[in-house]
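Everything on this sheet refers to the single structure shown next.
The values are calculated or read from the model by the stated rules, or taken from the named source; none is laboratory data. This structure is a prediction, so every number in the text was calculated from the model and none was measured. Please note: Cβ atoms are built from the backbone with ideal geometry, for glycine as well, and neighbour counts cover all protein chains shown. Please note that ligands, DNA and RNA were not included when accessible areas were found on the heavy atoms of the full protein model with its side chains. Shrake-Rupley method; radii C 1.70, N 1.55, O 1.52, S 1.80 Å.
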Number of protein chains: 2
Amino acid sequence: MNTQSVLDRLSALADKSRFTILQIMAKGAIGTCCDRIEAYENGCCVADVVAVTGLSQPTVSHHLKTLEKVGLVRKEVRGPWTCYFPNPEAIDELISTLRVELYPSENCNEGGCCP
Amino acid sequence: MNTQSVLDRLSALADKSRFTILQIMAKGAIGTCCDRIEAYENGCCVADVVAVTGLSQPTVSHHLKTLEKVGLVRKEVRGPWTCYFPNPEAIDELISTLRVELYPSENCNEGGCCP
DNA sequence: CATCGATATTGATGGAGGTCGATATGAATA
DNA sequence: TATTCATATCGACCTCCATCAATATCGATG
């Protein structure tokens, strides 16, 4: 992942509403009103998120679009509903990059062995 | 970590300037102007960050304060300089929490075994 | 095609925060 | 104590974005 993608993904996660959406998706804590999502899919439709969060429908659509744009969720139209599903690979990628970019490396040059 | 702490840490990371600061700290890429930081410490003083990023000194102080407030860096006054050091534990904590909170769990109730 | 439910888009608003110049604070030294 | 260097704080500006009401779009169904 390039730095900009990491920043975009972090920004997407740093919002309370969007973080909550991903949390309830991950927990499968939504009894979806859409009859085309199986429980094991961990998915939800827009109305589900509206019900759980209390946010307005436009706001929820906006957040889901943001999450999709950065790859944290996947979008799929099923009949009259637009269904959203978590994307675990995006979390993995982000975590890996954070480790590589931000984890302090032992500085091997303490003794001045390298130029 | 509670949710708010996670959000605070994510917000701190989601800014380009602050992410860059942590990156260069982690890489030990700063030849610090402060003579009281050893290379293996991965630390830097405010003026170092100003030189590398081109940001104003007040802005850099502000960002470092933000990073310290959320635990991502540690602050230490050494003589006339204020030195900052990365805190790897904070990265670990964040990553662990992200995994627990956002990684989709297999929904065990597909067969309806649980009420 | 007309209608209806579900979602997306538009436009407007308010608040949060990144940035800088000016200034204050603080530590070391003469 | 006076001075100097390094950093912190203050005040202001400006941009970005979360949010909502209103409206448009879209899929299904009659």
Legend entry - Peptide B:19-31 - average C-beta neighbours from other chains (10 Å radius): 3
Legend entry - Buried area at the A-B interface (accessible, heavy atoms, 1.4 Å probe, summed, Å²): 3400 Å²
Inset, instruction - Over the alpha-carbon set of the protein assembly as shown, work out the extent along each principal axis and list the three values in angstrom, largest first. - result: 66, 33, 28
Inset, instruction - Please give the average number of partner chain Cβ atoms lying within 10 Å of the Cβ of each residue in A:93-103, rounded to a whole number. - result: 5
Legend entry - In Å, descending, principal axis extents of the Cα set of chain A: 65, 26, 20
Legend entry - Carbon plus sulfur fraction of accessible area for segment A:3-100, probe 1.4 Å, in percent: 49 percent
Legend entry - Within chain A, helix-based [θ] at 222 nm, where runs of 4 or more DSSP H residues each add -39,500 (n - 2.57), nearest 500: -16000 deg cm²/dmol
